[in-house]
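The values are calculated or read from the model by the stated rules, or taken from the named source; none is laboratory data. Predicted, not measured: the structure shown is a model, and the values here were computed from it. Please note: Cβ atoms are built from the backbone with ideal geometry, for glycine as well, and neighbour counts cover all protein chains shown. Just so you know, the surface numbers come from the protein's heavy atoms only, side chains and all, with ligands and any DNA or RNA stripped out. Shrake-Rupley method; radii C 1.70, N 1.55, O 1.52, S 1.80 Å.
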Amino acid sequence: VGGAAVWFYRNRLKLANDPDFKIDVTDHGSEAQWLSRDVDFMGIFSQDAFLLLPSNVVESPNGKRHIEIEGVRLGFVQAGVTINPEEALEFARPTTIKYEGREIEFLVVDPLTLYFEKLKLRTQRGSANDHLHAKLLFEYVAYELVSGAEQILEQTASVPDAQAIMSFWIRVKHKAPELLQDKRVLARLTPLLAEKSDHPIAQYLASAQVN
């Protein structure tokens, strides 16, 4: 959870190279805000982590302890401002990275849950990276909505993938309808829905519009 999870979706959006949903060009100072050295995890207490990784425990000058691995500081939270641990686990995205010949599996909080968290943090503390993170997550969720809908409407999605895509659309419809009002989303999907006004995606888009 946190900034490292946003970085994960930033990289995915960059790899997608979508013509409409892009990463903003940033200057050196803005880029430095992205590159925070903290990686936050949920679902484990810091004291338990100290016992699991005793050789990585670092004591600060103020007497407080934290875990650091190759210069990256690990943080542990039990719940976010809006993140419910059980819900976060239900919708978390499994991923695997390769490191020094090993495959490391972990879960990343899903982008919609993370979007809500960053919106709240942006309001509560308003730090520069909260604004960057919230904007990036809006772009990524909008991209995922459109790319998923295109797969369904062009009939290239498998049945399990189509079910997952529609489940995500339903969550967005109920929790973040502002994403369905984005002009790029409408521009991309309206031609595909020209003769499918009864399709659930068409109905979700119509119900989200503001007069």
statement: Computed over the stretch 68-211, the relative contact order (Cα-Cα under 8 Å, seq sep at least six) in percent reads 15
- prompt: lysines within cross-link reach of Lys22: Cα-Cα under 27 Å, excluding same-chain residues under 8 positions apart?
  reply: Lys14, Lys98, Lys118, Lys120, Lys135, Lys173, Lys175, Lys183
- request: Measure nothing fancy, just the Cα-based angle from helix 128-153's long axis to the longest principal axis of the chain, in degrees from 0 to 90, nearest 10.
  value: 40
Asp48 - accessible surface, heavy atoms, 1.4 Å probe, Å² rounded to 10: 70
Selection of GluC sites (Glu not before Pro), the stretch 87-154, meeting DSSP coil and at most 11 other Cβ within 10 Å: Glu100, Glu154
field: Using alpha-carbon coordinates, inclination of helix 159-175 to the longest axis of the chain, degrees
entry: 80
message: Are there any trypsin sites (Lys or Arg not before Pro) in the stretch 150-200 that are in a DSSP loop and have at most 15 other Cβ atoms within 10 Å? List them by number.
response: Lys196
message: Compute the angle between helix 111-124 and the longest alpha-carbon principal axis of the chain, please, reported from 0 to 90 degrees and rounded to the nearest 10.
response: 70
For the chain, with +1 on Lys and Arg beta carbons and -1 on Asp and Glu, the positive-most of Leu132, Gly71, Asn11 along the dipole: Leu132
query: In square angstrom, rounded to the nearest 10, how much accessible surface does Ile170 have for a 1.4 Å probe?
result: 70
